[in-house]
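Just so it is clear, none of the values below were taken in a lab; they were calculated from the coordinates. Given the structure is predicted, the values throughout are model-derived calculations rather than measurements. Every residue, glycine as well, gets a Cβ built from its backbone with ideal geometry; the counts of neighbours run over all protein chains shown.
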Amino acid sequence: MSYQPTSHLAVIHPDPSPYPHLPRELALLPAEIRESYADDAIERCLLPAPAAVVLVVDSAHHLTEMPQRIKTLTPSPILAVITPELTEALWPTSGIEEFMVGSGTGSELRARVRHLLRLHPERGDLLRRGDLVINTASCEVSVGGRLIELTFKEYELLKFLARDPGRVYSRQALLDRVWGYDYYGGDRTVDVHVRRLRSKLEDANHTFIDTVRNVGYRLRKNS
């Protein structure tokens with residue numbers, strides 16, 4: 001099975017989950033969140049391979065069995081979110097790369113996910129366009145080393161343009177490729193997101209996105 005990481009995060013949890021708020025906290029990261037219950041067919045959120053797996057564990061049995069089951073499907077790194085009484089059940093051979101106790105904050109959860117992705121980069125994960133760097137594993141964007149906070153769609157739009165710098169895309173093409181063919185909003189949505197990207201990324205020393213009059217937008221080749 002080839003490993004082709006995407007920008008989505010997989011969340012696998014028991015039913016009921018001891019920490020049902022976790023997907024909502026993870027949704028603040030610029031990545032799609034796919035969920036599955038541990039007793040369901042978890043393949044639907046593990047294939048294609050996610051950037052990372054957040055595994056919620058509430059029993060010693062699941063702590064032993066679930067990481068092994070996940071690793072048979074994907075080599076993606078696993079962050080286990082455990083209940084306090086399971087801390088003594090963790091072993092180096094558990095099959096997880098990182099863990100935290102579920103009573104931690106949402107900020108800690110997101111920081112641990114980012115840290116995990118930085119520790120387990122895959123080849124081709126960095127898109128460098130001058131001072132603009134897009135880490136497609138951790139879903140982080142920086143300009144001159146300064147981290148930029150983007151929404152999911154802002155991130156997806158920027159990443160799409162950055163994969164083929166210099167190529168001009170019409171607004172409709174960007175709607176189809178980034179928002180999906182079933183999106184029924186107007187093409188001015190693209191203008192709004194480009195304007196927001198410019199306000200966050202660009203300054204007196206950096207210009208990344210060009211407007212091609214009566215056509216659309218492109219990312220500069222030499223940003």
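Apply 1/(1 + (r/R0)^6) to the Cβ-Cβ distance of D191 and T105, taking R0 = 22 Å, and write down the FRET efficiency to the nearest 0.05.
After rounding, the FRET efficiency stands at 0.05.
Could you work out the helix-only [θ] at 222 nm for the chain, with each DSSP H run of four or more residues adding -39,500 (n - 2.57) and the total divided by the number of residues, to the nearest 500 deg cm²/dmol?
-8000 deg cm²/dmol
In debye to the nearest 20, how big a dipole does the chain give about its Cα centre with +1 on each Lys and Arg Cβ and -1 on each Asp and Glu Cβ?
1380 debye
Please work out the Cα center distance from segment 159-223 to segment 62-78, rounded to the nearest Å.
Taking the Cα centre of each part, segment 159-223 and segment 62-78 sit 38 Å apart.
Using +1 at the Cβ of each Lys and Arg and -1 at the Cβ of each Asp and Glu in the chain, identify which of S138, H8, G180 lies farthest towards the dipole's positive end.
Value: G180.
What's the FRET efficiency of D15 with V215 using the Cβ-Cβ distance as r and R₀ = 41 Å, to the nearest 0.05?
The calculated FRET efficiency here is 0.25.
Which is farthest toward the positive dipole end of segment 164-223 among A204, P165, N214, measuring Cα position about the Cα centre, with Cβ charges +1 (Lys, Arg) and -1 (Asp, Glu)?
A204
Could you give the length gained by full extension between S199 and T83, i.e. 0.36 nm per residue of separation minus their alpha carbon distance, to one decimal place?
Difference between extended and current length: 37.6 nm.
Looking at segment 119-218, which chymotrypsin sites (Phe, Trp or Tyr not before Pro) are in a loop (DSSP not H, G, I, E or B) and have at most 10 other Cβ atoms within 10 Å?
Y181, Y184
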